[in-house]
Every structure is written in structure tokens, then in C-alpha cells.
């Protein structure tokens with residue numbers, strides 16, 4: 001099985017019965033294999049609809065969706081779905097099954113041997129940061145964050161090349177949410193899968209996505225690009241408003257001081273210090289706070305790496 | 001009223017007639033001991049059998065109807081209305097009406113009992129199936145479970161608490177209503193009660209002992225169902 005799949009939306013249109021406006025209007029989107037693609041936009045933008053078209057929970061009217069070149073209509077829906085990981089808000093775990101049984105759902109449908117299922121469950125629990133003993137617990141005994149980890153493990157169980165995530169962190173508190181966002185990003189680097197991730201939260205989209213597709217009301221694609229490009233060059237007023245007037249700062253938040261050219265060390269010692277793992281945005285914030293026009297960037301060992309002048313941030317934004 | 005046949009003794013199953021029995025005291029253990037095996041036990045067994053058969057058939061019908069209306073929502077209201085009507089028929093009347101059709105047979109006794117239990121069970125099964133959170137169903141479908149698999153692996157297990165709650169009510173009320181079934185002849189614990197009541201001086205010990213067994217039987221069934229629930233529903 002390939003570890004990641006390419007997904008193509010080819011002029012896909014979806015209309016719901018009894019509603020005049022299309023939910024999705026000729027959506028064309030090419031998602032290269034291994035890409036973390038975030039669908040973002042206000043409600044009514046059709047992002048969840050677009051996601052559910054892929055595993056055929058919702059049928060589409062026109063156009064086609066292809067996974068690695070094959071139309072999703074070629075397979076029976078049930079078979080198609082078993083090959084696609086699916087994570088939803090609040091996890092949707094089966095309350096009457098243990099964590100282990102939940103995770104084994106798809107492998108069981110696929111007829112895996114018991115030993116293989118057990119081994120896989122163990123691997124997945126470790127991967128999503130749960131204990132092996134959690135396999136015997138019931139969802140009601142878990143916290144919201146733990147449930148969502150199980151939801152993720154369950155979706156990854158049969159090692160699908162494609163993962164669909166429908167506002168998976170929508171119901172979590174901000175701290176748990178941020179922790180899981182970072183972990184899913186880390187996981188994505190480890191397991192290389194194509195991910196389609198739906199959110200209405202623009203911060204989440206920018207943080208998570210290799211690419212983000214911004215859908216506006218009526219299911220029209222407003223812009224599809226990397227977060228940096230969207231922030232640097234919003235396609236129109238709608239996108240500019242949607243991503244916010246602080247888009248320059250959001251852009252600076254995408255870069256850490258590790259990948260920014262620094263000035264050589266000067267003679268002044270009293271500069272405010274910032275870790276090289278921190279973002280340019282944080283460095284700028286520190287300069288605004290202290291009134292300094294440059295900061296000293298230090299490494300993990302405490303040694304100075306160089307200086308970042310305020311103008312550098314402006315230069316970065318021009319690039 | 002059904003004739004119990006033959007002239008009645010002053011006190012039924014008089015036996016040796018201890019002072020307690022001849023004096024018709026509040027409760028005579030000696031009578032209970034002597035007539036456990038010829039009067040109380042056989043009627044208790046009959047009563048239990050009637051209840052189990054009636055609830056089992058009622059459950060099978062209610063289950064089929066609930067699955068049908070779960071799949072075709074439009075069926076739910078008509079079924080619920082008909083079921084509600086059945087429930088308003090007093091059991092005494094139901095037995096009398098059926099005697100005209102099926103005489104003093106088991107059918108006459110079972111049909112109303114089945115009817116009442118199915119009326120109790122149907123809404124409980126439907127409510128149980130509907131109580132499954134939409135997110136759980138969506139996850140099940142999204143992971144590639146077939147419709148039948150969703151029903152048997154997800155919806156029905158999750159409906160189990162509601163189904164067992166319905167069974168508890170159905171069993172307890174069937175035990176109670178089956179007492180009236182003795183009108184249709186020698187069936188269940190109602191029969192010794194009726195006989196004892198029809199005496200010129202109602203024989204208290206027989207009424208109380210049979211009555212106590214009705215209560216005990218209902219409690220036993222209820223406990224059995226509670227234990228079943230505990231064994232099957234481990235997730236809450």
C-alpha cells in the first residue's frame with residue numbers, strides 16, 4: 001500500500017435538495033501525495049461537504065474526485081471508506097467498545113489476524129502518546145484530548161494513505177488543542193500521509209497546513225496556496241479579511257529564528273535575548289516591548305548565535 | 001366468571017386442618033408447607049412460563065417493528081398509535097373478548113399478555129436505537145461499516161440499556177397481569193387466589209401466600225435483568 005495518495009478534486013459541484021445555492025461550486029483542487037491540506041473558511045463555505053464527498057458520506061452531483069488517478073466512484077463506498085482514515089469532532093468513539101476494540105475496528109473489517117491487530121494497536125497507542133494499558137479502558141473513562149488521540153489512532157489503524165479530519169479539535173480546550181495540533185504536525189512528518197483537514201479557525205489552518213484552501217460562502221475556492229503565500233499575497237478582499245489584518249505578524253510567526261539570516265554579534269551586551277527556536281514574531285514582540293531595535297539570538301547551549309535587527313523582519317515580509 | 005367446577009370445600013385443600021387453618025388466621029405456615037407442592041409450586045411454575053413466553057413473543061414482535069420503523073421513520077407514528085390503543089384495553093375485557101374467539105385456550109391468555117408487553121417494549125427499543133449519538137453513527141459509516149454492521153455492532157449494543165429497561169417494566173407488568181389470566185382457567189398464581197376469594201369466608205393464607213409469590217416472581221425476574229444488564233453493559 002502506498003504511504004500517501006494524491007487527491008484531485010476535478011470541477012466538483014454539490015447541490016443539496018431544496019436549496020438553490022450550490023454547497024460546492026466547481027471545486028478544483030490538486031493535493032499532492034503527502035501534503036497536509038487544510039480546508040478553511042466561514043460556515044456555509046462547504047468545507048465539511050467537500051471532505052465528506054471524498055469518503056462518499058455525501059454524494060456529489062458533477063465533476064469527479066480521484067485518488068491516485070482512480071475515481072472514488074469505481075469502488076463500492078464501504079470498501080473505499082475502509083481505505084481512508086476518518087477523524088471527526090469529539091472523536092465519535094464507540095462508547096461500548098474499549099479503546100483497543102475501537103482502534104481495531106477497521107483491521108477487523110479487513111479480516112486481520114488477532115495477533116496482527118494487537119501488535120498494531122500497541123504501536124498506535126505509543127504513536128499517539130497513550131499507554132498500552134489504556135487499551136482496556138472505555139471512552140467514558142478518558143479525557144476529551146485522550147479520546148481524540150484514540151480517534152486518531154483508530155483512523156490510522158489500517159495505515160491508510162489518506163486521512164480525513166473534520167474539525168477534530170473543535171471541542172477541546174485551548175491548551176489541549178494546541179498540544180494536539182503540534183503532535184499531529186509531528187505525526188504527519190513521521191507517517192507521511194496525505195491529510196485533508198477541515199477547520200473554521202484560521203490560526204489552526206496556518207499552523208497545520210502545508211497548503212490551505214480557503215472556501216467562501218457558496219462553496220467557491222477563494223485561494224489555494226501555502227500559508228506563507230496566502231498571508232503574503234491574499235487573492236482578494238475576502239481572503240484578506242478572513243486571514244486578518246495582522247497577517248504580517250502571522251507570517252512572521254511561521255518562521256523560527258533558526259531559518260532566518262542573522263547579523264554578526266555586535267558589541268552591545270544589554271540586548272534582550274531570545275531563543276533560536278522562537279519565531280520571528282516573538283522576537284519582534286520583544287523588541288516592541290523593550291524598545292530595542294535588535295535582539296540577541298541564543299542557542300540551546302546559551303551561546304549567542306547572532307543579532308536580529310527589526311529591519312530584518314520587514315525585509316522578510318517583502319520576500 | 002368461570003366456574004371452578006364442583007362444590008367447594010369450606011376451606012380449599014383443607015388437609016389436616018390445623019387450628020390456624022380452621023380458624024382462618026392471618027397466615028398459616030403449616031398450610032403453605034403442606035400445599036407447596038400440590039398448589040403453590042405448580043401455579044408458580046405456570047405463572048413463570050406464561051410470563052416468559054408472553055414477553056419473549058412480545059419482544060420478538062416489538063423488535064421487528066422497531067427495526068422496521070428505525071429504517072422507515074414514517075412507520076413509527078402509526079405503530080405507536082396502534083400500540084397506545086392496545087394498551088388502553090383493560091385486561092379483563094381483553095380476556096373476555098378473546099374467549100369468544102379462542103375459548104379457554106392458552107391463546108386467549110397469551111394474546112393480551114403479548115400485546116401489553118410489546119406495547120411497553122416497542123417504544124423502549126425505538127428510543128434506544130435513536131439514542132445513539134450522531135457522531136458515533138457517522139464515524140461508523142465513515143470507517144466503512146455496512147448498514148447491517150452498524151445496526152448489530154453499534155446501534156443495538158448501544159440501545160441495550162434502554163432495551164433492558166423496557167424488558168424490566170414489561171416483565172414486571174406481565175407478571176401482574178398474568179394473575180388475571182386465571183379467569184380463563186387454571187393458569188398461574190391467580191387461580192388459587194380466585195378460588196380462595198370465592199369461598200364464603202375467603203381463605204387468607206392461600207391469598208397471601210400466592211400473592212407473595214407473584215411479588216417474589218416479579219422481583220426475581222427483575223433482579224435477573226439487572227444482573228444481565230450488569231454483565232452486558234460494561235461501558236458506563
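The values are calculated or read from the model by the stated rules, or taken from the named source; none is laboratory data. The structure presented is a predicted model; accordingly, all values stated were derived computationally and were not measured. Here the Cβ is made from the backbone with ideal geometry for all residues, glycine too, and neighbour counts use every protein chain on show.
Say whether the condition of being without any contact (Cβ under 8 Å) to a residue 60 or more places away in the chain, within 14 Å of chain B (Cβ to nearest Cβ) and within 21 Å of the chain's Cα centre (by Cα) is met by at least one residue in region A:58-71.
Within region A:58-71 (the criterion being without any contact (Cβ under 8 Å) to a residue 60 or more places away in the chain, within 14 Å of chain B (Cβ to nearest Cβ) and within 21 Å of the chain's Cα centre (by Cα)), the answer is no, since none of the residues qualifies.
Among the candidates A:155, A:171, A:119, single out the residue that is farther than 18 Å from residue B:235 by Cα, within 12 Å of chain B (Cβ to nearest Cβ) and out of contact with any strand residue (DSSP E or B) (no Cβ under 8 Å at 6 or more places or on another chain).
Among A:155, A:171, A:119, only A:171 is farther than 18 Å from residue B:235 by Cα, within 12 Å of chain B (Cβ to nearest Cβ) and out of contact with any strand residue (DSSP E or B) (no Cβ under 8 Å at 6 or more places or on another chain).
Condition first: in contact with a strand residue (DSSP E or B) (Cβ under 9 Å, 6 or more places away or on another chain) and either surrounded by fewer than 19 Cβ atoms within 10 Å (Cβ to Cβ) or not assigned by TED's automatic domain parsing to the domain that holds residue A:220 (or both). Now tell me which residues in region A:235-251 satisfy that.
A:235, A:236, A:238, listed by residue number.
Would you be able to say whether some residue in region B:135-144 is away from every other protein chain (no Cβ under 14 Å) and within 30 Å of residue A:171 (Cα to Cα)?
no
So which residues in region B:143-153 are more than 14 Å from residue B:67 (Cβ to Cβ) and touching a helix residue (DSSP H, G or I) at 6+ places or on another chain (Cβ under 6 Å)?
Answer for region B:143-153, where residues must be more than 14 Å from residue B:67 (Cβ to Cβ) and touching a helix residue (DSSP H, G or I) at 6+ places or on another chain (Cβ under 6 Å): B:143, B:144, B:146.
Can you tell me which of (1) buried (at least 17 other Cβ atoms within 10 Å of the Cβ); (2) within 14 Å of chain B (Cβ to nearest Cβ); (3) out of contact with any strand residue (DSSP E or B) (no Cβ under 8 Å at 6 or more places or on another chain) is the one residue A:87 doesn't meet?
(3)
Taking region A:101-116 on its own, how many of its residues are away from every other protein chain (no Cβ under 13 Å) and either under 22 Å from residue A:84 (Cβ atoms) or outside any helix (DSSP H, G or I) (or both)?
So the answer is 3.
Of the conditions (1) assigned to a loop (DSSP other than H, G, I, E, B); (2) touching a helix residue (DSSP H, G or I) at 6+ places or on another chain (Cβ under 7 Å); (3) closer than 30 Å to residue A:206 by Cα; (4) within 14 Å of chain B (Cβ to nearest Cβ), residue A:129 clears all except one; give me its number.
Every listed condition holds for residue A:129 apart from (4).
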